[in-house]
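The values are calculated or read from the model by the stated rules, or taken from the named source; none is laboratory data. Everything quoted here is computed from the prediction, not taken from an experiment. Here Cβ is always computed from backbone atoms with ideal geometry, including for glycine, and neighbour counts include all displayed protein chains. The accessibility values were calculated without ligands, DNA or RNA, using every heavy atom of the protein model including side chains. Shrake-Rupley method; radii C 1.70, N 1.55, O 1.52, S 1.80 Å.
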Amino acid sequence: MRKTTKTSGASGKAIGYVRVYTQEQATEGVSLAAQEARVRAYATLRGLALVEVVREEGVSGGTPFASRPGGARVLAAVAAESVAAVVVVKLDRAFRDAVDCLSVTRDWDAASVALHVIDMGGNAIDTHSAAGRFMLTVLAGAAEMEKNLIGERTSAALQHLAAEGVKLGGEALGWTRTQETDSDGRRVVVQVPEEVATVARVRELHAQGKTLRDIA
């Protein structure tokens, strides 16, 4: 149940929120410009007056919404009762954590501010209705489960590779990755004799009690 009634001055007004973390997202169709264009088109279609589109760049989706500079601006607009809706393209642009999502949107609901998600599995939803709030709850939980499953699969794959003796991460001094591949298609790592000699000399000097500064 909503606890407050939004003032008439905020009725029909919305704030958009767009976010990217890394540049490669531009190739996936979630660049800031692409997101903003969809937010503006959706607002026009729904008759919402955008007061601002907050752009968040280089911030991980794992960062709590309130801890992001752009997220804080959105929350300030809600607190000032200057908007009645928050518009995002996809849920993961605003939230990756189900608890954070449901906690923030619960406060928005209490302030009669609806979250509009333009693309939620191909459909738009908004939390103005009970059905919209229910769908958000279900899909936020599903999104977090998918994130956790991906993490589990990645961890299992890395453990399997390590058990097979596959070198993970970058090559240490003394090794280099060649263009040659093994039977599994992985690039072969070989020793670099000159670097191996350097590593051996460093270990020798360190065993003699030399500090790293002295060795350098």
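Can you spot a residue in segment 34-49 that is outside any helix (DSSP H, G or I), open to solvent by less than 50 Å² (accessible area, probe 1.4 Å), in contact with a Lys or Arg (Cβ under 8 Å, 6 or more places away or on another chain) and under 19 Å from ALA143 (Cα atoms)?
Within segment 34-49, none of the residues are outside any helix (DSSP H, G or I), open to solvent by less than 50 Å² (accessible area, probe 1.4 Å), in contact with a Lys or Arg (Cβ under 8 Å, 6 or more places away or on another chain) and under 19 Å from ALA143 (Cα atoms).
Would you pick out the residues in segment 97-111 that are more than 18 Å from PRO64 (Cα to Cα) and in contact with a helix residue (DSSP H, G or I) (Cβ under 9 Å, 6 or more places away or on another chain)?
Hits for segment 97-111 are ASP109, ALA111.
When you check ALA114 against the structure, is it more than 13 Å from VAL18 (Cβ to Cβ), open to solvent by less than 20 Å² (accessible area, probe 1.4 Å), at pLDDT below 90 and touching a helix residue (DSSP H, G or I) at 6+ places or on another chain (Cβ under 8 Å), yes or no?
no
Only residues in segment 35-52 that are without any contact (Cβ under 8 Å) to a residue 60 or more places away in the chain count as the first member; pair them with residues that are in a helix (DSSP H, G or I), Cβ under 7 angstrom, at least 6 apart or cross-chain, and list the lot.
GLN35/ARG93; LEU50/ARG40; LEU50/ALA43
Keeping to segment 129-144, report how many residues are open to solvent by 30 Å² or more (accessible area, probe 1.4 Å) and in contact (Cβ under 8 Å) with a residue 24 or more places away in the chain.
Residues that pass the stated criteria total 6.
Only one of SER82, SER103 is under 23 Å from ARG133 (Cβ atoms), open to solvent by 20 Å² or more (accessible area, probe 1.4 Å), part of a helix (DSSP H, G or I) and hydroxyl-bearing (Ser, Thr, Tyr); which?
Of SER82, SER103, the one residue that is under 23 Å from ARG133 (Cβ atoms), open to solvent by 20 Å² or more (accessible area, probe 1.4 Å), part of a helix (DSSP H, G or I) and hydroxyl-bearing (Ser, Thr, Tyr) is SER103.
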